[in-house]
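Input: a single structure, listed below in structure tokens.
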Ligand SMILES: Cc1ncc(COP(=O)(O)O)c(C=O)c1O
């Protein structure tokens, strides 16, 4: 098992952080990279010609190169956004040019709202059909349902690479291949995937993928949209204004090339520099070690939770899921359980997890759940504390 707790300043004695699915903790090196920027060269990027400005621009662009290398992409295909939600909204803005009345947009029922609502809205605006494909009762993607609904007028298929509730890792490459065969654009949501798995973006078959920087040990306020250059070349930016324009006349304008055309205004320079340090951190530990550590912990988490009487766990077995487990304790509202655990210093998330359609579809009690997610710094001791906390909650609430 990897032991890197000491690299996370927030992990003080007794802290049990089991909410990396919402945002990961930040290693010291990431915080230091940001502090260095603010203390030593805190200038804006892509505008000044003085030494601080040059250094800031170089550091900002170096992070783009790191992201590109991490993903197996070209730097021009890497757009910085403030989170995965913005990246996926930008994907919808770009593909909006190609969707017309009567087309179909196909989206899985296990999407986070960030990869659900931009498509529902686009379908409404364009007069396209918004169609949802299902998961099976045990939480796998229902491929038969997908095939049935993948018609020749399907223009976009949107799918997560890992569900933030069920943990399911769907066969996204297979889905992308089938979608491409009918001429559809494929958009993947990599927000829950990239912190645990290496991604070679081109091999996924997708056209566009959204990621959160803050879930891969990067600072808050960072996200990434990767897209194929052919598509990004003429895409429609979400925002328009400073820094993304080649020329402006009295009644016309010409946008910059990608990726600058998508990064209007002053970006989060310190955040992007911190994201570069986060990538260094991941590569230093290595995806193989991350996966081995988290795989073992996820199995332990899943089995430990399933062994607690009264706990109902959602989604497939550990070998088919990413590093999180959503569950409910019979007779107790998930917010009450999460609050009680929080009082004991155990941090888990509760609620609909921005996946209301999925909770409704599976008819999960309260349409909400508790979610524990593990990362590279967690230990089996953290999982034991969680189980102990649930047992105490059962006694306290007389269940
Ligand atoms: C699967 C999935 N997609 C998208 C998002 C949205 O990410 P962000 O908060 O970076 O916008 C999340 C966040 O929890 C997620 O889990």
**OP:** Determine which member of the set 97, 129 is in the same structural domain as residue 272 (by TED's automatic domain parsing), within 16 Å of residue 238 (Cβ to Cβ) and away from the ligand (no atom under 16 Å from the Cβ).
**Re:** 97
Subject >> Considering residues of segment 214-233 that are away from the ligand (no atom under 16 Å from the Cβ) and in contact (Cβ under 8 Å) with a residue 24 or more places away in the chain only, the residue nearest to the chain's Cα centre (by Cα) >> reply: 227
**OP:** Would you mind finding the one in 79, 2 that is under 25 Å from residue 322 (Cβ atoms), in a loop (DSSP other than H, G, I, E, B) and touching a helix residue (DSSP H, G or I) at 6+ places or on another chain (Cβ under 9 Å)?
**Re:** 2
Original post:
Taking segment 239-252, which residues are in contact with a helix residue (DSSP H, G or I) (Cβ under 8 Å, 6 or more places away or on another chain) and touching a residue at least 24 places away in the same chain (Cβ under 8 Å)?
Top reply: 243
**OP:** Please work out if residue 172 is within 13 Å of the ligand (Cβ to nearest atom), more than 21 Å from residue 214 (Cβ to Cβ) and touching a strand residue (DSSP E or B) at 6+ places or on another chain (Cβ under 7 Å).
**Re:** yes
Original post:
Taking the condition within 17 Å of residue 21 (Cα to Cα) and surrounded by fewer than 16 Cβ atoms within 10 Å (Cβ to Cβ), does residue 331 pass?
Top reply: no
Subject >> Members of segment 242-290 that are part of a loop (DSSP other than H, G, I, E, B) and at pLDDT below 95 >> reply: 242, 243, 244
Original post:
Could you say which residue among 43, 33, 53 is more than 16 Å from the ligand (Cβ to nearest atom), surrounded by fewer than 21 Cβ atoms within 10 Å (Cβ to Cβ) and in a helix (DSSP H, G or I)?
Top reply: 53
Original post:
For segment 289-306, how many residues meet the condition of being free of Cβ contacts under 8 Å to residues at least 60 places away in the same chain and under 18 Å from residue 385 (Cα atoms)?
Top reply: 4
Original post:
What do you reckon, is residue 370 part of a helix (DSSP H, G or I), touching a strand residue (DSSP E or B) at 6+ places or on another chain (Cβ under 9 Å) and either within 16 Å of the ligand (Cβ to nearest atom) or within 17 Å of residue 19 (Cβ to Cβ) (or both)?
Top reply: no
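Results for (1) outside the structural domain of residue 383 (by TED's automatic domain parsing); (2) in contact with a helix residue (DSSP H, G or I) (Cβ under 8 Å, 6 or more places away or on another chain); (3) surrounded by fewer than 16 Cβ atoms within 10 Å (Cβ to Cβ), shown as yes or no for each residue.
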position: 214; (1), (2), (3): yes, no, no
position: 218; (1), (2), (3): yes, yes, no
position: 254; (1), (2), (3): yes, no, yes
position: 260; (1), (2), (3): yes, no, no
position: 269; (1), (2), (3): yes, yes, no
position: 276; (1), (2), (3): yes, yes, no
Subject >> Leading residue by the ranking (nearest to the ligand (Cβ to nearest atom)) among those in segment 104-114 that are out of contact with any helix residue (DSSP H, G or I) (no Cβ under 7 Å at 6 or more places or on another chain) and in a loop (DSSP other than H, G, I, E, B) >> reply: 112
**OP:** Among the candidates 97, 61, 65, single out the residue that is surrounded by fewer than 18 Cβ atoms within 10 Å (Cβ to Cβ) and assigned to a loop (DSSP other than H, G, I, E, B).
**Re:** 97
Original post:
Could you list, in sequence order, the residues of segment 139-169 that are over 24 Å from residue 363 (Cβ atoms), more than 11 Å from the ligand (Cβ to nearest atom) and surrounded by 22 or more Cβ atoms within 10 Å (Cβ to Cβ)?
Top reply: 155, 156, 157
Original post:
Within the group 324, 329, which residue is touching a strand residue (DSSP E or B) at 6+ places or on another chain (Cβ under 6 Å) and more than 20 Å from residue 194 (Cα to Cα)?
Top reply: 329
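The values are calculated or read from the model by the stated rules, or taken from the named source; none is laboratory data. Small disclaimer: the values here were computed from a predicted structure and weren't measured. In this analysis, Cβ positions are derived from the backbone assuming ideal geometry, glycine residues included, and neighbour counts consider all displayed protein chains.
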